[in-house]
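Okay, structure first, notes after.
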Amino acid sequence: MNSEAKPFVDETPGEAPVRGFLHRAGKAGDGFLVLTHGAGGNCHAPLLVALAEKFATLGLTVLRCDLPYRQRRPRGAPSPSDVKTDQAGLQRAVTLMKAQFTGPAFLGGSSYGGRQASMLVASEPSLVEGLLLLSYPLHPPGRPAQLRTAHFPSLQTPVLFVSGTKDAFGSIEELEAAMKLIPARKKLVAIPGAPHGLSQKGKQDEVVESVVREFETFFRAK
């Protein structure tokens, strides 16, 4: 873990719990990103840690956090009953960050976490200025007809997708077709040879550099 990342915990009664690690940028006022994990993981995922560290060095404060279902149980996948609480946790995390930091607010996550972020923002378009969706789980592997796109037409917030060309949860071509449903500004970044989760042995640094570069260009270029 990055020694500069500080624990971040809020368990206010009546509110969804927020638990994670804060990577504070050196310069205040440049905004923040709330970043969360996929269904089988947690906020300690190496890619999330590396992204948070890199973003912080470039002036974007990052809160990488565990979703409420992961806070309740250390292992296992979320259930359909977790969805509302997980989205509430992300909304609470953004609200808490807005109370501490100024500048543009961004929300994102890997796979399940990104899906929940996008569903939340589809219903709360003013919550953040942009979405970062890593390995969006477009459909279950081998079941391309079960698309997870019902909320796409309601997305009014700019979206940056990052997906591997060998992702079993949705091909680049399938994602490109699905993105046409989104009325907001959007872009898809393809990571050659990467599977779901974007993990490639010896190539994490390249993936991190690509994600951060594309993020800066898409959301923050003057």
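Throughout, read-outs are computed from the coordinates displayed, never taken from laboratory work. All of these numbers come straight from a predicted model, not from anything done at the bench. Using ideal geometry, Cβ is built from the backbone for each residue, glycine included, and neighbour counts are taken over all protein chains shown.
Quick notes on this one:
- Dipole magnitude of the chain, debye to nearest 20 (Cβ charges: Lys/Arg +1, Asp/Glu -1, about Cα centre): 120 debye
- Sparse-neighbour loop sites [GluC sites (Glu not before Pro); region 1-38; at most 10 other C-beta within 10 Å; DSSP]: GLU11
- Only one residue of MET97, LEU51, GLY142 has its Cα farthest out toward the positive end of the dipole of the chain, where Lys and Arg carry +1 and Asp and Glu -1 on Cβ, and that residue is GLY142.
- Simple point charges give the picture: +1 on the Cβ of Lys and Arg, -1 on the Cβ of Asp and Glu, and for region 1-72 a dipole about the Cα centre of about 140 debye.
- Summarising the strand pairing of the chain, around 30 percent of its internal DSSP beta bridges are antiparallel.
- Convex hull volume per residue, computed on the Cα atoms of region 176-216, equals 78 Å³.
- Averaging Cα coordinates gives a centre for region 1-38 and one for region 118-166; these two points are 22 Å apart.
- Going from the residue with the fewest nearby Cβ atoms within 10 Å to the one with the most, LYS98, LYS180 rank LYS180, LYS98.
- Residue-averaged [θ]222 nm for the chain, counting only DSSP H segments that reach four residues, each worth -39500 (n - 2.57): -9000 deg cm²/dmol
- Efficiency of FRET between ARG220 and LYS84 - r from beta-carbon atoms, R0 35 angstrom, step 0.05: 0.65
- Lys/Arg +1, Asp/Glu -1 at C-beta; the chain dipole; positive extreme among HIS23, ALA5, ALA117: ALA117
- Scaling the Cα radius of gyration of the chain by the globular reference 2.2 N^0.38 Å produces a ratio of 0.93.
- By the count of neighbouring beta-carbon atoms within 10 Å, fewest first, HIS151, HIS23 end up ordered HIS151, HIS23.
- In percent, rounded to a whole number, the relative contact order of the chain is 16, using alpha-carbon pairs under 8 Å and six or more apart.
- Lysine pair count for the chain with Cα-Cα distance under 16 Å and sequence separation of 8 or more or different chains is 6.
- Fewest-first ordering of MET97, MET179 by other beta carbons within 10 Å of each residue's beta carbon gives MET179, MET97.
- In this Cβ point-charge picture (+1 for Lys and Arg, -1 for Asp and Glu), region 84-159 has a dipole of about 200 debye about its Cα centre.
- Potential extension, LYS203-VAL9 segment - 0.36 nm per residue separation minus Cα distance: 66.7 nm
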